[in-house]
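So the structure is just underneath, and the comments pick up after that.
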Amino acid sequence: MESYAYARTGYHRGLDALRRSGWKGHGPVPWEHEPNRGFLRALHALARAAQAIGEQDEYERCTQFLKDSSPAAAQTLG
């Protein structure tokens, strides 16, 4: 449960940072742009943590969000 809480915090902080930079809540978040990697890693960690605690719907949403945001991140992070 702790890993889920940490990942969720990182995810929300990352969303805040992206929005401050002009991201509108949808569209690409390129893995190749290094400042995006913290958010993408947090999103990946959130998906894994959600799966670990049995939150299958959230796992699937986060996994799809990662793929939609950055196919390169999804492939790199597994």
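The values are calculated or read from the model by the stated rules, or taken from the named source; none is laboratory data. All values reported here derive from a predicted model rather than from experimental measurement. Ideal geometry is used to build each Cβ from the backbone, glycine not excepted, and the neighbour counts take in all protein chains shown.
Given the residues ARG41, ARG48, which is the only one that is in contact with a Phe, Trp or Tyr (Cβ under 9 Å, 6 or more places away or on another chain) and either closer than 19 Å to ARG8 by Cβ or of a type outside the set (S, T, N, Q) (or both)?
Numbers: ARG41 fails: in contact with a Phe, Trp or Tyr (Cβ under 9 Å, 6 or more places away or on another chain).
Answer to the selection: ARG48.
Given (1) over 21 Å from PRO71 (Cβ atoms); (2) of a type in the set (A, V, I, L, M, F, W, C); (3) at pLDDT 95 or above, where does LEU18 come up short, assuming only one miss?
Going through (1) over 21 Å from PRO71 (Cβ atoms); (2) of a type in the set (A, V, I, L, M, F, W, C); (3) at pLDDT 95 or above one by one, LEU18 breaks only (1).
Given the criteria buried (at least 16 other Cβ atoms within 10 Å of the Cβ), in contact (Cβ under 8 Å) with a residue 12 or more places away in the chain, of a type in the set (D, E, K, R) and part of a helix (DSSP H, G or I), does ARG13 qualify?
When the stated conditions are applied, ARG13 does not pass them.
If we keep just the residues of region 55-77 that are touching a residue at least 12 places away in the same chain (Cβ under 8 Å) and among the polar types (S, T, N, Q), which is surrounded by the fewest Cβ atoms within 10 Å (Cβ to Cβ)?
Selected residue: THR76.
Kindly establish whether GLY14 is at positive phi and not hydroxyl-bearing (Ser, Thr, Tyr). If you could, list the steps in order and put the result at the bottom.
Working: at positive phi: no; not hydroxyl-bearing (Ser, Thr, Tyr): yes.
So GLY14 does not fit the description; no.
Could you grab me the full set of residues in region 48-67 that are in a helix (DSSP H, G or I) and acidic (Asp, Glu)?
Correct list: ASP57, GLU58, GLU60.
Taking into account only those residues within region 28-47 that are outside any helix (DSSP H, G or I) and touching a residue at least 12 places away in the same chain (Cβ under 8 Å), which is farthest from GLU58 (Cα to Cα)?
Of region 28-47, the ones outside any helix (DSSP H, G or I) are 28-33.
Now drop any that are not touching a residue at least 12 places away in the same chain (Cβ under 8 Å), which leaves 28-32.
On the way: PRO28: 20, VAL29: 20, PRO30: 22, TRP31: 22, GLU32: 26 Å.
Among those residues, the one meeting the criterion is GLU32.
Can ARG8 be described as free of Cβ contacts under 8 Å to residues at least 24 places away in the same chain, out of contact with any strand residue (DSSP E or B) (no Cβ under 6 Å at 6 or more places or on another chain) and surrounded by 12 or more Cβ atoms within 10 Å (Cβ to Cβ)?
On the way: free of Cβ contacts under 8 Å to residues at least 24 places away in the same chain: no; out of contact with any strand residue (DSSP E or B) (no Cβ under 6 Å at 6 or more places or on another chain): yes; surrounded by 12 or more Cβ atoms within 10 Å (Cβ to Cβ): yes.
No.
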